[in-house]
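One structure is given here, and the rest of the page talks about it.
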Amino acid sequence: MFRLVRAAVLPVVLLVVASAALPALPLDVLTDGELKAALLRGELLSETRFDAAGTLFMPRSAPVRAAFDKSSAELSPSMVSESVFLYKKPAAFAGGEGGECTEAEMLRVLNTLSSISSLAGLQYYSASRKAMRVFYEESEVVNNPQEKAPVADPLFADNAPPAFTLYARQKDLTFGDNVYRYDYAVHDNALVFTQTNCTPLRYGIIPVVPKE
């Protein structure tokens, strides 16, 4: 089983293998003073543990906590990896009262997170190879896991839907060509999405992760 719940919201991003999300709340609400100071200094906050006992960087956000707890209960993960990034609002969206995001800002972030085709060519630094490497060689939204016919990325112009699902065909250099399900949930000041593999993941000819 592989499920990566990635988060998307504003101004902090929490990435947790088994759960993640970004709330659009003031830093004082999301983190304690020490973490806030580290973020403002531009420090990298990242931690990986081979157990699921608690979290270090979990924002104080009910939707984020619920997403993490749900995935943890379903998957019983043997590893939890967290990273925190500071999201600086563009000037056009800086007027949200009390740090809350506006409808326009929420739509902007939602459209960015559902732009599956933009992941093609994404690179990461490979510590084992000591070089940059392409993560997704190909990435596109498809109509369903069976037909896998390409369709356009969704674009929301008016109101953010409370929840929706996308299917994507993505080819990476490690596990090859696979289909994934992206489940999105929109909350007050938070967007949470979960990526689940619909096909078994293989390393060459060796199966390493069953579907779902």
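For a quick check of your reading of the model, give me the residue pairs whose first member lies in the range 100-122 and is closer than 19 Å to Tyr182 by Cβ, whose second is open to solvent by less than 20 Å² (accessible area, probe 1.4 Å) and assigned to a loop (DSSP other than H, G, I, E, B), with beta-carbon atoms closer than 7 Å and at least 6 apart or on different chains.
Note: pairs meeting the criteria are Val109/Val9; Val109/Leu10.
Any residue at all in the range 143-163 that's basic (Lys, Arg) and under 18 Å from the mean Cα position of the chain (by Cα)? It would help to see each step written out before you state the result.
Kept after step one, since they are basic (Lys, Arg), are these residues of the range 143-163: 148.
From the residues that got through so far, the ones that are under 18 Å from the mean Cα position of the chain (by Cα) too are none.
Taking every residue of the range 143-163 in turn, none turns out to be basic (Lys, Arg) and under 18 Å from the mean Cα position of the chain (by Cα).
Given the conditions (1) at pLDDT 80 or above; (2) open to solvent by 60 Å² or more (accessible area, probe 1.4 Å); (3) in a loop (DSSP other than H, G, I, E, B); (4) of a type outside the set (S, T, N, Q), which single one is not true for Lys70?
All conditions pass for Lys70, except number (3).
Is there a residue being surrounded by fewer than 18 Cβ atoms within 10 Å (Cβ to Cβ), of a type outside the set (A, V, I, L, M) and either assigned to a loop (DSSP other than H, G, I, E, B) or modelled with pLDDT under 85 (or both) anywhere in the range 104-114?
no
Please pick out the residue among Ser76, Ser117 that is surrounded by fewer than 18 Cβ atoms within 10 Å (Cβ to Cβ), modelled with pLDDT of 85 or more, more than 17 Å from Asn189 (Cβ to Cβ) and not charged (D, E, K, R). Explain how you work it out, then say what you get.
Numbers: Ser76 fails: modelled with pLDDT of 85 or more.
Answer to the check: Ser117.
Kindly state which strands (runs of 3 or more DSSP E) lie completely within the range 142-212 and contain at least 3 residues that are farther than 22 Å from Cys101 by Cβ and open to solvent by less than 20 Å² (accessible area, probe 1.4 Å).
Working: elements: 163-172, 176-187, 190-197, 201-203, 206-209.
Hits in the range 142-212: 163-172, 176-187, 190-197.
The values are calculated or read from the model by the stated rules, or taken from the named source; none is laboratory data. On a predicted model such as this, the values are computed, not experimentally measured, just so you know. A quick note on method: Cβ atoms are made from the backbone with ideal geometry, for glycine too, and the neighbour counts reach across all protein chains shown. Note: accessible area is taken over every heavy atom of the protein model, side chains too, but ligands, DNA and RNA are not part of it. Shrake-Rupley method; radii C 1.70, N 1.55, O 1.52, S 1.80 Å.
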